[in-house]
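Notes for the one structure printed next.
The values are calculated or read from the model by the stated rules, or taken from the named source; none is laboratory data. Keep in mind that what you see is a predicted model, and the values were worked out from it rather than measured. Here the Cβ positions follow ideal geometry from the backbone for every residue, glycine too, while neighbour counts run over all protein chains shown.
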Amino acid sequence: MVINVILQKDFEKWLDAIGYAESTVYASVNYVRDFFVWLDGTPVKELSQINNQVIKTYYEYLQQRTNKKQSGSLSNNYIVSNINALKRFSRYLQVTGKANIEIDLPLQSITTTTKSVLTQAEIRALYRACDNDLLGIRDRALLSVYYGCGLRRSEGIALNVADILLREKRIYVRKGKNYRERYVPMTERVKRTLKIISV
């Protein structure tokens, strides 16, 4: 059973519309596609045939599957994220009236890893590593946007040149957490760095 392209696109649009982060939308669609690839080797041929037992069998398959990128089995976080994507897909199917799939699995919680934060000395070293040529100036500007203005990776990626408001000393963030838009202030130092590259 192959996931219909239109169904896949509609699921993607639905996730986007209700405010999931781009990374979650991308991963969810991929996880659901993997599930449908797995379904090809089963007797399940219709959405209506997918039930909690099918999901449970898939869950057991994920627990036994080898990791394609490194030795060993799949991590618990990967498996939980996979099943959570299927739960989102089941909600989408229910909301749109396409199918009624109930998923009730006792999952282990996702293990959170401690984020590694750079020290001030390490940040200064990054700035010093930027040369004075065009690429070095660009790199310094990127550091200023991310570190000097405290932007998330996804927020920086979504920036347009027009979002840098030098005169107002602000940056317009169009894709913040939960798709909230906001303005972020910039220091005079960040402004000077960005002004150099805009000349």
Original post:
Restricting to segment 162-181, what's the tally of residues that are out of contact with any Asp or Glu (no Cβ under 7 Å at 6 or more places or on another chain) and modelled with pLDDT of 85 or more?
Top reply: 9
**OP:** Go through (1) modelled with pLDDT of 90 or more; (2) buried (at least 16 other Cβ atoms within 10 Å of the Cβ) and name the single condition Gln94 misses.
**Re:** (2)
Subject >> Unique residue being at pLDDT 90 or above, within 30 Å of Glu181 (Cα to Cα) and either surrounded by 16 or more Cβ atoms within 10 Å (Cβ to Cβ) or touching a Phe, Trp or Tyr at 6+ places or on another chain (Cβ under 9 Å) (or both) when the list is Val54, Val25 >> reply: Val25
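Looking only at segment 11-22, count how many residues are loosely packed, with under 14 Cβ neighbours inside 10 Å and either in a helix (DSSP H, G or I) or not assigned by TED's automatic domain parsing to the domain that holds Ala85 (or both).
Matching residues across segment 11-22 total 2.
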Subject >> Criterion: at pLDDT 85 or above and under 27 Å from the mean Cα position of the chain (by Cα) - qualifying residue of Leu143, Leu135 >> reply: Leu143
**OP:** Go through segment 23-53 and give me each residue that's assigned to a helix (DSSP H, G or I) and over 27 Å from the mean Cα position of the chain (by Cα).
**Re:** Ser48, Gln49, Gln53
